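See structure below.
The values are calculated or read from the model by the stated rules, or taken from the named source; none is laboratory data. The shown structure was predicted, so the numbers you read here are calculated from the model rather than taken from an experiment. When we count neighbours, we look across all protein chains shown, and the Cβ atoms used for this are built from the backbone with ideal geometry, even at glycine.
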Amino acid sequence: MKRRPLLALLAAASVSCATAARAEDGYDLWLRYRPVEGAAAVGGVTVLGESPTLQAARAELERGLAGLRGGAAPSTRAALLAGTASQARIAGLKLPLQAAGPEGYVIRSMQVDGRPTTVIAANSDVGVLYGAFHFLRLVQTRQPLDRIEVASAPAVKLRLLNHWDNLDRSVERGYAGQSIWDWWKLPDYRDPRYVDYARANASLGINGTVLNNVNAKADSLTEPYLEKAAAVAEVLRPYGIKVYLSARFSAPKEIGGLATADPLDPAVRAWWKAKADEIYRAIPDFGGFLVKANSEGQPGPQDYGRTHADGANMLAEAVGPHGGVVMWRAFVYSHEQPEDRIKQAWSEFVPLDGKFAKNVIVQVKNGPLDFQPREPFHPLFGAMPKTPLMAEFQVTKEYLGFATHLVFQGPLWEEALQADTWRAGKGTTVAKVVDGEATGQTLTGMAGVANIGADRNWSGSHFDQANWYAFGRLAWDPNLTSKAIAEAWARMTFSNDPAFVKPVTEMMLSSRETMVNYMTPLGLHHIMGNSHHYGPGPWVAGGERADWTSVYYHRASPDGIGFDRMASGSNAVAQYAPEAGKALAADERYLLWFHRVPWDRKTASGRTVWDELVVRYSRGVDEVKAMRRSWAAMAPYVDPERHAQVAAYLAIQENEAQWWRDACIAYFQTFSKRPLPAGYAPPPHPLEWYEALSFPYAPGG
Ligand code: GCW
């Protein structure tokens, strides 16, 4: 009895210590487990069972609670009991585990053996692990711990990271250093970091990872590399994470000695079957293949006059007997095609609806172009009811300012997931297509192009960790709000202090719109620097293919600006259900995506398109200035190291936002030939100055 106030005092003391100043480098992500009030009331941990997964759950609970209690002993009045329904003690509690399915869990405050107990129960070991992480999140974010009543199961089956990592450790579109996969030292050396990677992913429910770039090398499928992949799979397995590989379609020729990779050729089919058998001998729970085919120069079935379905089904036949899947990407377009680039995936895939094997899932980017700051949802989500479709989001910020711009992508993904396809009437959101609710598909999935690298803070910036976090949470529950996600992340990653949580959550939530303002307002798209995609490049023209230029997309001329995708133009709008198309075309956020308009056309604000562009570009810069002020005021709540780095990056962001504004205004003004609205400063340099900037060493190329 006497000990309690003392413990409380100790806990309080360590809480204020932690808030004062503590060097942090971001390695711990949202699993920092720094002391919080309330954790001292949690009892000692009992996890029933000894599988590697249950051991991981126990270790995480012990490690997490020890940190959160600030060194204090567990409460002797309460208990924490975790296990699966195969344990009599859990089964006897009669918890509603049916709905938890194979990966979900129930967490409940209840009396067990006369003691207040927190029970974490599941049907499987990995469900217990996920439940353990959920419980730790409740403690970390200071939720009430004495009346927990949680039941959770993932809405989506395949929750995957896609690493665009190359065998030489470079990362395509990676801004966080080298690949974490040290292929050279594998399989003999397994970097302990792989375990922390697995913990972080398991804390979100991510259950698979594609180790290599979709622009794949066939070498990944050779014996030595399969051995390396098997070593990674072994480390990740206890955390419920399966390994997948990107498969190069021409591998039978390149490493198999065959004369062709034609998917209808019996020798080619036999080669893939044998390859799949070999992979499953090395990695018994191998997840399957991800394939980028006939896109941006990658080989594919069309090289032999075959269809995407022919190619996908051949691979599906090879991995099917082992329980594997094939994720076949719909990111296809060809410069030999005169058709509007954003229409091509629909044209190629819709005729194949219903023609894919059962274990094929077509992977569709959130929008029909390419991970832009804003684009409408991909029309394929409303057009292939007989085919499992998985959503692909880009966690790494290729088009969103790389690692140095603070852009929280939760709102971007929420916007895509909550978009209404109208496929089966109002309310058929992309989320309902992705989780199968609207289509009845049971093979469902969500992929995030990883932003993870060997940088100490994993993601290249502290705030980019939030994008990894948000992707994982949305893959588990695509209907979560980005607000709830941002708030939980900010609490765990930095501080529970309301004076921190509120302004930082607000800053995160508005950051995406801010970026749209200073990069691509009013539906502009694909106007960044050529190839590396860094900085503004609205003048980009010429080169090997028109659809890699900016002028192809904005079409600015003295008469106006924008891409006519209505019936009078490419009619891309007709790829949507009529109601959805109508709503998108009427939405000013997509004005220049769907319409070509004269410079003097009035916008909703009453200003002309030209004036509105200038106002929005300028507003974006002002908003970054406001972010800097708001972050400066957060110094008392954040360790100096992380605070300083975020502050320095925000200064870079402000400079670059200004650069985007000035360069785009200077360029578009050569067509609009109109003055800037009163009070708006002209760009400090002539257009040629911006055009002459060059960045041969931009990262991620
Ligand atoms: O976003 C574009 C990138 C390419 C990428 C491609 C894809 C892996 O610029 O780097 O290649 O998309 O998604 O396949």
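Listed residues GLU37, GLU50; which is modelled with pLDDT under 95, assigned by TED's automatic domain parsing to the domain that holds GLY71 and not aliphatic (A, V, I, L, M)?
Only one candidate qualifies: GLU37.
For residues in region 83-94 being over 33 Å from the mean Cα position of the chain (by Cα) and among the aliphatic types (A, V, I, L, M), which is surrounded by the fewest Cβ atoms within 10 Å (Cβ to Cβ)?
By that ranking, first place goes to ALA88.
Residues checked against (1) surrounded by fewer than 18 Cβ atoms within 10 Å (Cβ to Cβ); (2) touching an Asp or Glu at 6+ places or on another chain (Cβ under 9 Å); (3) charged (D, E, K, R):
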| site | (1), (2), (3) |
| --- | --- |
| ASN201 | no, no, no |
| LEU236 | no, no, no |
| GLY240 | no, yes, no |
| LEU245 | no, no, no |
| PHE249 | no, yes, no |
| ALA261 | no, yes, no |
| TRP272 | no, yes, no |
| GLU278 | yes, yes, yes |
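All but one of (1) more than 28 Å from SER347 (Cα to Cα); (2) free of Cβ contacts under 8 Å to residues at least 60 places away in the same chain; (3) among the small types (Gly, Ala, Ser); (4) surrounded by 23 or more Cβ atoms within 10 Å (Cβ to Cβ) hold for GLY256; state the number of the condition that does not hold.
Of (1) more than 28 Å from SER347 (Cα to Cα); (2) free of Cβ contacts under 8 Å to residues at least 60 places away in the same chain; (3) among the small types (Gly, Ala, Ser); (4) surrounded by 23 or more Cβ atoms within 10 Å (Cβ to Cβ), only one is false for GLY256: (4).
Among all residue pairs at least 6 apart or on different chains, which show Cβ distances below 7 Å where the first residue, located in region 69-96, is assigned by TED's automatic domain parsing to the domain that holds ARG142 and the second is in a loop (DSSP other than H, G, I, E, B) and of a type in the set (Gly, Ala, Ser)?
GLY83/GLY49; THR84/GLY49; THR84/SER124; GLN87/GLY49; ALA91/ALA85
Pick from region 580-604 the residues that are in contact with a strand residue (DSSP E or B) (Cβ under 8 Å, 6 or more places away or on another chain) and not aliphatic (A, V, I, L, M): which of them is nearest to ALA345 (Cα to Cα)?
If we take residues in region 580-604 being in contact with a strand residue (DSSP E or B) (Cβ under 8 Å, 6 or more places away or on another chain) and not aliphatic (A, V, I, L, M), then ARG596 is nearest to ALA345 (Cα to Cα).
Within region 378-418, track down each residue that is outside any helix (DSSP H, G or I) and acidic (Asp, Glu).
GLU392, GLU398
Restricting attention to region 530-578, which residues are hydroxyl-bearing (Ser, Thr, Tyr) and over 30 Å from the mean Cα position of the chain (by Cα)?
SER557, SER568, SER570
Assuming GLU296 fulfils every condition listed in (1) under 18 Å from ASN215 (Cβ atoms); (2) in a helix (DSSP H, G or I) apart from one, which condition is it?
Among (1) under 18 Å from ASN215 (Cβ atoms); (2) in a helix (DSSP H, G or I), GLU296 violates only (2).
If we scan region 527-546, do we find a residue that is within 14 Å of the ligand (Cβ to nearest atom), charged (D, E, K, R) and outside any loop (DSSP other than H, G, I, E, B)?
Within region 527-546, not a single residue is within 14 Å of the ligand (Cβ to nearest atom), charged (D, E, K, R) and outside any loop (DSSP other than H, G, I, E, B).
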